[in-house]
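The values are calculated or read from the model by the stated rules, or taken from the named source; none is laboratory data. Bear in mind that the values here come from a model prediction, so they are computed numbers and not experimental data. FYI the Cβ positions are ideal-geometry reconstructions off the backbone, even for glycines, and counts take in every protein chain you see.
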Amino acid sequence: MANEVRATTTMEKIVSLAKRRGFIFPSSEIYGGLNSCWDYGPLGVELKNNVKRAWWKANVQERDDLVGLDAGILMHPRVWEASGHLEGFTDPLVDCKNCKQRFRADHLTTERCPECGGELTEARNFNLMFKTYLGPVEESAAIVYLRPETAQGIFVNFQNVLTTTRKKIPFGVAQIGKSFRNEITPGNFTFRTREFEQMEIEYFVKPGTDEEFYKQWVEDRFKWYIDLGITPERLRLRPHDPDELAHYAKGCSDIEYYFPMGWSELEGIANRTDFDLKRHSEFSGNKLEVFDQETNEHYIPYVIEPSAGADRATLAFLLDAYTEEPDKDETRVVLRLHPALAPYKVGVLPLSRKEPLVKLAKEITAKLRRYWMTDYDDAKSIGRRYRRQDEIGTPYCVTVDFDSLEDQAVTIRDRDTMEQTRVPIAELVNVLREKLEF
Ligand SMILES: [Zn+2]
């Protein structure tokens, strides 16, 4: 069992740390919470924003062949007819005639209710899309859906993007946004929730080149998690079996992370072929195709779709960064987050609350805040403040002591090595900039 993969910690510990330090709170907690709904707190919003920013940087900013988009959550209802969601985005459900509980038929191992042993109804299909009404009248003509995926916003804007950016195949469109699925069994903290945020790319290619681009995207996306610090042993690639593939897909691979509940999907990379653009061409009457100058022919591009979850990625980074190590008689909890993801890059800690130390520390904080999220903390003992910064993943602490008033220098303490170096205050921004370049 030498190579057995282990999770860094339990989900309970992460849920507790997330609550205690302000990463993630239960939704509407003062009303008792709302099942499987969560709110990102002051540190959580920074972490999740940093995850999204790192994704955007790698896929939009640093590439010449991708552009961004931010489509609305509400879309024309015909979109979901064309995409197949209205008809096919369902789970088979059964109800217990005795205790009235509802289960997914394909998850049951017996023909009786797993809770009370009662008789079950026939399975019927339950659509996972959230339905609402556009405007004040609740009539069928006004029905709209909260989008179950961001992808369709990209497909329906295909012509708009093409004509305004003058991109040529191969090119892609990236989008980050909320999606909604009325899951029967959400759970495992923020892993599966009914409201979630996606980071999706639709990459358009010429049919025949799709296999090659599919492989490249699988590689690129896998590497992204490793580059941002995920432990390689806790990451694996799982190609789907042919019978697992969605109706539109020619191939699909999941990037899986070893969560406390076992291997689970972080991101799926699918070869969606020309399914979506073809369907939208049919349903809208607009030809969503490109012109090939070499062959003098019009064609509908194939699409490779790397589809990641911002919440899942955030949870995986949080879990993977968690470490406990012995520190004298106690345990030091450290979030070894990649500096690009850490909520605060710097913590400024005056050794004492006495003037003029506080004044100097606040001046330094104000200077650093122009560049980075900087936390200022002068409460309690310096040891406890270091511990708190370690636990929220702050890569560097700047300590202002009484010598600072004389030598105009401060101490930088490294979260991971705990090494301390003395730096002139005049050089502080430059030194930190070098350390925090990513
Ligand atoms: Zn029952």
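When the range 28-46 is filtered for residues that are touching a strand residue (DSSP E or B) at 6+ places or on another chain (Cβ under 8 Å) and closer than 24 Å to Tyr344 by Cα, the ones remaining, listed by number, are Trp38, Asp39, Tyr40, Gly41, Gly44. Put simply, of Arg234, Arg238, Arg272 the only residue that is assigned by TED's automatic domain parsing to the domain that holds Tyr214, buried (at least 17 other Cβ atoms within 10 Å of the Cβ), within 22 Å of Tyr203 (Cα to Cα) and of a type outside the set (Val, Ile, Thr) is Arg272. Of all residue pairs spaced 6 or more apart or on separate chains, those with beta-carbon atoms under 6 Å, a first member in the range 88-103 that is under 19 Å from Pro186 (Cα atoms) and a second member that is near the ligand (Cβ under 7 Å from one of its atoms) are Gln101/Glu115. Annotation: of all residues in the range 66-75 being part of a loop (DSSP other than H, G, I, E, B) and surrounded by 13 or more Cβ atoms within 10 Å (Cβ to Cβ), the one that is nearest to the ligand (Cβ to nearest atom) is Ile73. Examine the range 264-278 for a residue that is closer than 23 Å to Gly208 by Cα and more than 29 Å from the chain's Cα centre (by Cα), and state whether such a residue exists. Yes: the range 264-278 contains one or more residues that are closer than 23 Å to Gly208 by Cα and more than 29 Å from the chain's Cα centre (by Cα).
Of all the criteria given as (1) more than 30 Å from Phe171 (Cβ to Cβ); (2) in contact with an Asp or Glu (Cβ under 7 Å, 6 or more places away or on another chain), the one not satisfied by Ser83 is (1). Only one entry of Ala270, Ala246, Ala174 meets the criterion of being among the aliphatic types (A, V, I, L, M) and outside any strand (DSSP E or B), and that entry is Ala246.
Residue check: is Lys97 under 25 Å from the mean Cα position of the chain (by Cα), over 30 Å from Ile304 (Cβ atoms) and not assigned by TED's automatic domain parsing to the domain that holds Phe204?
no
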